[in-house]
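The values are calculated or read from the model by the stated rules, or taken from the named source; none is laboratory data. Since we're looking at a predicted model, the values are computed, not measured. All Cβ positions, even for glycine, are placed from backbone atoms using ideal geometry, and neighbour counts span all protein chains on display. In case anyone asks, the SASA skips ligands and DNA or RNA and just uses the protein heavy atoms, side chains included. Shrake-Rupley method; radii C 1.70, N 1.55, O 1.52, S 1.80 Å.
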Amino acid sequence: MCGIVGYIGDKRAYPILIKGLSRLEYRGYDSAGVALLEPGEDIKVYKRQGKVIDLTEFVNGSSTSGTIGIGHTRWATHGLPNDVNAHPHSSGDGKITLVHNGIIENYAILKKELVNRGRVFKSETDTEVLVHLIEDVKSKSGVSLVEAVRIALNRVHGAYAIVVISSDDPNKIIAAKKSSPLVIGMGEDEYYLASDATPIVEYTKNVVYLEDEQIAIIDRHNGLRIISIGNQEVSPYVQELEMQLEELEKGGYEHFMLKEIYEQPHAIKDSFRGRLNAKEGWVSLGGIKDYEEQIAKSDRIIIIACGTSWHAALVAEYYFEDLARIPVEVEYASEFRYRNPIIRKNDVVIAISQSGETADTLAALKMAKEQGATLIGIVNVVGSTISRVTDAGSYTHAGPEIGVASTKAFTTQLVLLAMMALSLGKRRGTITDEKFSLLLNELEALPMKIEKLLESDSYIKGVSAIYKDARNALYLGRGTSFPIALEGALKLKEISYIHAEGYPAAEMKHGPIALIDENMPVFVIATQGENYVKVVSNIQEVKARKGKLIAIVTKGDTTVREMADHVIEIPMSHEFVVPILATIPFQLISYHIAVMRNCNVDQPRNLAKSVTVE
Ligand code: M6R
């Protein structure tokens, strides 16, 4: 949460910072700000409540000179989202200015100490403590800015990625990180800093991912140097970015979310590339190959994740237990990390995360590591923290997902987990050759089937229009469709602000059925498969209470069609891939309803794409 950028070089920093902040806006959009520095001048700070566009309107007409700059787009943790609490924050004398992503947990104690020493605070943020602390250390000890940052960070508990500038040291940028991400782009005599690589990719493909408790000192004349907060020299490890600039544009779609829904056939193909061949009858995940034997022999797999990724974990539980016969436990990372769980050496912990930066997932992984578990990551963002702290892992290869609502990241997580379960099942001999081959073919046919399904978009839009004013909605499914019901409900509530609940269809009569009346839309997955007859009974129960029924059915279904108010057909498929297909209509329904309700689809209120605070 929160996006930070920085620039030092020969160019004007302001346009680079603004473009970078727009790319990072998915990380938070309560307020935005920049600080600009030109040697010999004072630092200019502009900040504003609202989005990056509001900041640019505010700045319009003011001086934006400066070849060094830092910027921030905020998701408020401490203090209201107003102009004063917006970053950057400056020291009392205005000479040091910084931006911060993370939470300073001991800020209250530090603030008290600093106030007692006469430092005057302007904002309610935890961040402001950092800049006063650096100023305090510097003035008290007479040390350099870098040393003052280092000493200050040694006093701080919590998470931070910071970028600091000072008018007394006008040819330097200092950056540091712990538990919040920070990437440094290495150009020709210029450097870019950002919370992820998206603001950097159009200038350079050479990047350094700063590690925890490292401080980067970037000097206009002497280049990049990295030290640890213990003051040890570190050699920068330069990597090449794979990301393409076009992946970050809307490409003619009205919203990123719609683009990302439509990208799914392609994204799933990318997930399969080099990993699956149904004709030749093999599936192989290179990233975890060396650990597969260990996973296959593990006593238990624990899957940890948050939000949509947690829904993918629930589907994976069915996949792994059914196909590979390995016991699986699925945990919310935020609960797992705080409940003193039993983790044994022979447990494998799989973390699923689009961003690879989710604070709770990361903390849960670290805890599992300390207790000796093997860690596997299923991550989308290449080079992200989770991909680096795990022992091994596989990227979903969905490409950058900019819309806050997860779409293609989710379906590619599902295909990756399905491949993993098939591979483990084959290795353990818990799946027959016929079934293995059948399911490989089912997976490989998915991109084509999703293309077909997307052709129903205008019909789905029509159905969505009927329910756009609903105040509540129920989503029902059984088996692997239950997590999809949860995901459908999450998608609707997060972008259209309609209250929605997902339930296992049979659980409905243990409570939620009391809610059903003629105003309640009930979305149900009623595709052909083992649970079909049971779901049909649940549908009858809904109809008997006059609920409005929108059913996802297998193409050609007539039974449910007679009972439902609307049916959305998915192509005939094995139930193994139904969760992936059934997700698509739910994504489209949420999208259309949100657009019809004039909601900000790509940046829903109060949310951020990357939840880097617990
Ligand atoms: O990046 P992660 O997958 O770890 O994020 C976890 C959740 O914050 C995320 O899945 C969230 O629920 C979705 N953006 C909702 O669509």
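Each residue in the stretch 340-361 was checked for being more than 16 Å from the ligand (Cβ to nearest atom) and under 24 Å from the mean Cα position of the chain (by Cα), and 1 of them qualify. Taking the stretch 488-510 as the range and being away from the ligand (no atom under 16 Å from the Cβ) and either open to solvent by less than 40 Å² (accessible area, probe 1.4 Å) or within 21 Å of Val577 (Cβ to Cβ) (or both) as the test, the residues that pass are Pro504, Ala505, Ala506, Met508.
Put simply, of Tyr395, Tyr332, Tyr318 the only residue that is touching a residue at least 24 places away in the same chain (Cβ under 8 Å), open to solvent by 30 Å² or more (accessible area, probe 1.4 Å), among the hydroxyl-bearing types (Ser, Thr, Tyr) and more than 16 Å from the ligand (Cβ to nearest atom) is Tyr318.
Looking at the stretch 12-20, is at least one residue over 10 Å from Thr73 (Cβ atoms) and not in a helix (DSSP H, G or I)? For the stretch 12-20, residues over 10 Å from Thr73 (Cβ atoms) and not in a helix (DSSP H, G or I): present. Considering the stretch 373-385, and only residues there that are β-branched (Val, Ile, Thr) and buried (at least 24 other Cβ atoms within 10 Å of the Cβ), the residue that is farthest from the ligand (Cβ to nearest atom) turns out to be Ile376. Scanning the stretch 167-182 for residues that are in a strand (DSSP E or B), out of contact with any Gly (no Cβ under 6 Å at 6 or more places or on another chain) and surrounded by 24 or more Cβ atoms within 10 Å (Cβ to Cβ), we see that the one that is modelled with the lowest pLDDT is Lys177.
Have a look at Asn598, Asn606 and point out the one that is surrounded by fewer than 19 Cβ atoms within 10 Å (Cβ to Cβ), away from the ligand (no atom under 15 Å from the Cβ) and not β-branched (Val, Ile, Thr).
Of Asn598, Asn606, the one residue that is surrounded by fewer than 19 Cβ atoms within 10 Å (Cβ to Cβ), away from the ligand (no atom under 15 Å from the Cβ) and not β-branched (Val, Ile, Thr) is Asn598.
Taking the conditions (1) modelled with pLDDT under 95; (2) more than 26 Å from the chain's Cα centre (by Cα); (3) polar (S, T, N, Q) in turn, Asn85 satisfies each one other than (2).
Residues checked against (1) open to solvent by 30 Å² or more (accessible area, probe 1.4 Å); (2) closer than 16 Å to Ile386 by Cβ; (3) over 24 Å from the mean Cα position of the chain (by Cα); (4) more than 16 Å from the ligand (Cβ to nearest atom):
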residue: Ala278; (1), (2), (3), (4): no, no, yes, yes
residue: Trp282; (1), (2), (3), (4): yes, no, yes, yes
residue: Tyr291; (1), (2), (3), (4): yes, yes, yes, yes
residue: Ser298; (1), (2), (3), (4): no, no, yes, yes
residue: Ile301; (1), (2), (3), (4): no, no, no, yes
residue: Ile304; (1), (2), (3), (4): no, yes, no, no
residue: Ser309; (1), (2), (3), (4): no, yes, no, no
residue: Ala313; (1), (2), (3), (4): no, yes, no, no
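Checking each residue in the stretch 339-358 for being assigned to a strand (DSSP E or B) and of a type in the set (S, T, N, Q) picks out only Ser353. Scanning for something closer than 26 Å to Glu401 by Cβ and without any contact (Cβ under 8 Å) to a residue 40 or more places away in the chain, does the stretch 33-43 turn up at least one residue? No, the conditions are met nowhere in the stretch 33-43. Taking strands (runs of 3 or more DSSP E) as the structural unit, no element lying wholly within the stretch 513-587 holds at least 1 residues that are assigned by TED's automatic domain parsing to the domain that holds Leu314.
Results for (1) modelled with pLDDT under 95; (2) farther than 22 Å from Leu182 by Cβ, shown as yes or no for each residue.
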{"position": "Asn106", "(1), (2)": "yes, no"}
{"position": "Gly118", "(1), (2)": "yes, yes"}
{"position": "Thr125", "(1), (2)": "yes, no"}
{"position": "Leu130", "(1), (2)": "no, no"}
{"position": "Asp136", "(1), (2)": "no, yes"}
{"position": "Gly142", "(1), (2)": "yes, yes"}
{"position": "Leu145", "(1), (2)": "no, no"}
{"position": "Leu153", "(1), (2)": "no, no"}
{"position": "Ile162", "(1), (2)": "no, no"}
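Hey, any hits in the stretch 219-242 for a residue that's of a type in the set (Lys, Arg) and surrounded by 18 or more Cβ atoms within 10 Å (Cβ to Cβ)?
Going residue by residue through the stretch 219-242, those that are of a type in the set (Lys, Arg) are 220, 225.
Subset that is surrounded by 18 or more Cβ atoms within 10 Å (Cβ to Cβ): 220.
Yes, that holds for at least one residue.
Residues in the stretch 398-420 that are more than 9 Å from the ligand (Cβ to nearest atom) and of a type in the set (S, T, N, Q): Thr411, Thr412. Does at least one position in the stretch 416-427 carry a residue that is open to solvent by 70 Å² or more (accessible area, probe 1.4 Å), of a type outside the set (S, T, N, Q) and in contact (Cβ under 8 Å) with a residue 24 or more places away in the chain? Yes, the stretch 416-427 contains at least one residue that is open to solvent by 70 Å² or more (accessible area, probe 1.4 Å), of a type outside the set (S, T, N, Q) and in contact (Cβ under 8 Å) with a residue 24 or more places away in the chain.
Residues in the stretch 543-579 that are touching a residue at least 60 places away in the same chain (Cβ under 8 Å), open to solvent by less than 40 Å² (accessible area, probe 1.4 Å) and farther than 30 Å from Ser437 by Cβ: Gly547, Ile550, His566.
Looking at the stretch 543-563, is at least one residue of a type in the set (Ser, Thr, Tyr) and within 16 Å of the ligand (Cβ to nearest atom)? So that I can check it myself, show each step before the final result.
So the first thing to find is which residues in the stretch 543-563 are of a type in the set (Ser, Thr, Tyr), and the list is 554, 558-559.
With within 16 Å of the ligand (Cβ to nearest atom) added as a condition, the list becomes none.
No: the stretch 543-563 contains no residue that is of a type in the set (Ser, Thr, Tyr) and within 16 Å of the ligand (Cβ to nearest atom).
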